[in-house]
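Notes follow once the structure below has been shown.
Computed from the coordinates by the stated procedures, all read-outs in this text should not be read as laboratory data. Since the structure is predicted, the reported quantities are computational estimates derived from the model, not experimental observations. When we count neighbours, we look across all protein chains shown, and the Cβ atoms used for this are built from the backbone with ideal geometry, even at glycine.
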Amino acid sequence: MNIRNFSIIAHIDHGKSTLADRMLELTGTIEPRRMQSQVLDKMDLERERGITIKMAPVRMVWKYHSEVSPKDNKLPTGQANNKYPASVEASASKQVSPEDEYVLNLIDTPGHVDFSYEVSRALTAVEGVILLVDSTQGVEAQTLSVLAVAKQLNRVIIPVVSKIDAPHARVQETKAELALLLGCDESTVLGASGKTGEGVAEVLSAIVERIPPPVPDSKDPQGLIFDFGYSEHRGIIVYLRVFGGAFTKGDRLRFVAANADFIALEVGVLTPGETPRESLSEGEIGYIVTGIKKPGIASVGDTITSVKNPSRPMHGYQAPTPVIWASVYPESQDDLLLLRQSLEKLRLSDSSLSYEEESSGVMGRGFRCGFLGMLHLEIIIERLRREFNLALVVTQPTTVYEITKMNGSVENIYSPARFPDDGTAKEVREMWAKIAIIAPPEYIGACTQLLYDHEAITGDSETLPDGKLQISAEIPLRELMRGFFDRLKSVSSGYASLSYELIGMRAADVVRLDVLVAEESVPAFARIVSRRRQQTEAEALVEKLEKLLPKQMFELKIQAKIGGRIIASRRKSAMRKDVTGYLYGGDITRKMKLLEKQKRGKKKMLARGKVDIPHEVFLKVVKGGEE
Ligand SMILES: Nc1nc2c(ncn2[C@@H]2O[C@H](COP(=O)(O)OP(=O)(O)OP(=O)(O)O)[C@@H](O)[C@H]2O)c(=O)[nH]1
Ligand SMILES: [Mg+2]
């Protein structure tokens, strides 16, 4: 069997999934009547938002003819600009016969920065990548960061310029830019349109010619788990790349790290739906149904082998680092068990989700969850709601703070409510990130201002081949998560792009801001804010709450408190419900009675001081994340 394994990587929206559509069509993998746009984006949320969230493996069969191969396949490495020596090599072409059938295993990846963990996992399963650059946009920040991952793993890179049909496409310029970036000859950069299908056959041929076939790593069965899913009936389904031997239905297999055995209930390939096969052999990408229903056994990066002929474990993955945490509580404590089960299940299809149980006085019991970014948080919460029908309260997300107490003990704090506000901390440290922004020169002023507003330390900048500027800076992660992405997009009319990596803990100048509604502290609204912005944050927050909270039967006091002192407050006037409106006629005593009753009711509520804060208000305060 001739096999080529590859992944498509790019900045968000550069056309990966649409290019994959045309490949699936051209190879006859999906019948035309079942074709739809971005067919690999299967989740409702992916389709609604028009973005890929999860990587998607798919197997295609391509009848290769040497005539459709790109004119110039001789890929010299390290030319003129040798800053990015690319591993672009026509290494496979020697082994290609002029006409043959090839199994092409494609893994489509997400472009959003929150999901870069998906990219790094996908790339461990393949020998080469298609690096797409949108010809209407040029190289953007994530282009550089996904390229860096591909280079680190030493993958063969096929540079392709996408959307060549678009009216504003700058095909030649983008090709030149990409060639400079990779240090390769411009003639080796391909062009394709996922809309018209132009150039797609050439890309498929280049995959056959330039990407090397898989080389077996071991004689004994050896598979690397790069993802897994869960089915109510069949338990955990692992997605794996086979690096040695074969896996056959009915085999007794083993998760090496977890040291757990199971029988392969089914093995198969993804086309893109699950298609059972007798076995999966070396070089292939496919799935195995394990029947295991217990959480905590399957993990990405683990090796699968056979019990009879075990192979050595493969080099796995680094565990993902959550960058923000938020508490998730069921609206009704009756749903606590359901929430726990739902999180367990989600964890089985999203290995980057982490959580632990916690309890808070007012909110009851819930879970402290770690996410890879704001979008990841949003997606998980939305999935909990939709797929498990849960009504939830989610607290203001926060980054981690490392607190050194006066007595020298050190504690990591993931929740504002646990952050000391009484001066017991000797030192507070927080995570910082290194970021790269790429933007056209006319937006650099606005970007620099934004960096300043977010407490960043701006570093070098350099001009890229197409005239855009790349600025590097260091910024507290807290400030990056405070709507930085959205603001950057808005100040640059969408032209600036951003990538980031974590660089370590540094001293933080932050304070805890508490919110009181009707004189009662609402821990879910507590947040940790920069001292520099404490007053503006406090004022904006009470103003926002004044707008969002529904009127009560009494005047509602909304206050912000820092270190025991109220620093901002608002009052929301009471609602006056006309309880006598439906009465007509002259019975004045009846009217008086009703009004009296209303007054008593108000008093009672006031005494209880209890305000039911609607779910949407919690959401809006969380989602806005800032004022
Ligand atoms: N004109 C034109 N538009 C395209 C082409 N390919 C994709 N698009 C459009 O570009 C947008 C993004 O396309 P996707 O294929 O979802 O991009 P993606 O790279 O998969 O995005 P993520 O997975 O979220 O990173 C969609 O609106 C597509 O219709 C193309 O070849 N030509
Ligand atoms: Mg996509």
Taking every DSSP bridge whose two residues both lie in segment 212-252, the antiparallel percent to the nearest 5 is 90
Crossing angle, helix 588-608 versus the chain [Cα axis fit, 0-90 degrees, rounded to tens]: 60
What is the list of residues in segment 405-439 whose amide nitrogen lies under 15 Å from a point 7 angstrom out from the Cα of Asp509, following Cα to Cβ? 428-430
Note down the magnitude of the dipole of segment 249-316 about its Cα centre, charges +1 on Lys and Arg C-beta and -1 on Asp and Glu C-beta and zero elsewhere, to the nearest 20 debye. 280
How far is helix 615-624 tilted off the main Cα axis of the chain, in degrees rounded to 10, range 0 to 90? 60
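Given 0.36 nm per residue, what is the gain on full extension from Asp185 to Lys426 after removing their alpha carbon distance, in nm?
81.1 nm
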Under the rule of at least 5 residues apart or a separate chain, name every residue whose amide H is placed under 5 Å from the amide H of Leu390. Arg385
Charge dipole of the chain built from unit charges on the beta carbon (Lys, Arg +1; Asp, Glu -1), centred at mean Cα; most positive-end Cα among Ser162, Val267, Val139 is Val267
Roughly how tilted is helix 16-26, in degrees to the nearest 10 and between 0 and 90, from the longest Cα axis of the chain? 40
Which residues' amide hydrogens lie under 5 Å from the amide hydrogen of Gly191, considering only partners 5 or more residues apart or on another chain, with H built in the peptide plane? Val161
Derived scalar couplings ³J(HN,Hα) [segment 2-15; Karplus, 6.51 cos²θ - 1.76 cosθ + 1.60; whole Hz; x for Gly, Pro]: 8, 10, 9, 10, 8, 10, 9, 10, 4, 5, 4, 6, 7, x
Proximal aspartates and glutamates relative to Lys426, as straight alpha-carbon distance under 17 Å, when same-chain residues fewer than 8 apart are discounted: Glu402, Glu411, Asp509
Of the convex hull drawn through the C-alpha atoms of segment 241-308, the volume per residue in Å³ is 89
Antiparallel as a % of all DSSP beta bridges within the chain, to the nearest 5? 85
Can you tell me the dipole magnitude for the chain around its Cα centre, using point charges on the Cβ only (Lys, Arg +1; Asp, Glu -1), in Debye to the nearest 20? 3000
If you take every residue apart from Arg22 with its C-beta less than 10 Å away from the C-beta of Arg22, what net charge results, scoring Lys and Arg +1 and Asp and Glu -1? -2
Cα-Cα longer than 22 Å, checked against Lys557/Lys620; Lys572/Lys593; Lys175/Lys195; Lys42/Lys345; Lys16/Lys151; Lys42/Lys175, kept in input order, equals Lys572/Lys593; Lys42/Lys175
Each residue of segment 293-309 in order: what ³J(HN,Hα) in whole Hz does its phi give by Karplus 6.51 cos²θ - 1.76 cosθ + 1.60, θ = phi - 60°, with x for Gly and Pro? 10, 7, x, x, 9, 6, 8, 5, x, 6, 9, 10, 9, 9, 6, 6, 10
Which of the peptides 14-24, 469-479 is most tightly packed, and how do the rest follow, judged by the mean count of other Cβ atoms within 10 Å per residue? 14-24, 469-479
Distance between segment 518-569 and segment 109-175 - C-alpha centres, whole angstrom: 44
Charge sum, other residues only, whose C-beta stays under 9 Å from Val300's C-beta, Lys/Arg counted +1 and Asp/Glu -1: -1
Just to check I understand the Karplus step: with θ = phi - 60° and J = 6.51 cos²θ - 1.76 cosθ + 1.60, what whole-Hz values come out for segment 220-234, glycine and proline as x? 7, x, 8, x, 9, 7, 10, 6, 8, x, 9, 10, 3, 8, 10
Percentage relative contact order, the chain, counting C-alpha pairs under 8 Å, at least six apart: 10
Mind jotting down the three principal axis lengths of the chain based on Cα atoms? Whole angstrom, largest first. 98, 66, 59
Could you quote the convex hull projected area for segment 187-336, Cα atoms only and averaged over all directions, in nm²? 13.9
Using Cα-Cα distances under 8 Å and only pairs 6 or more residues apart, what relative contact order does segment 235-332 have, in percent? 32
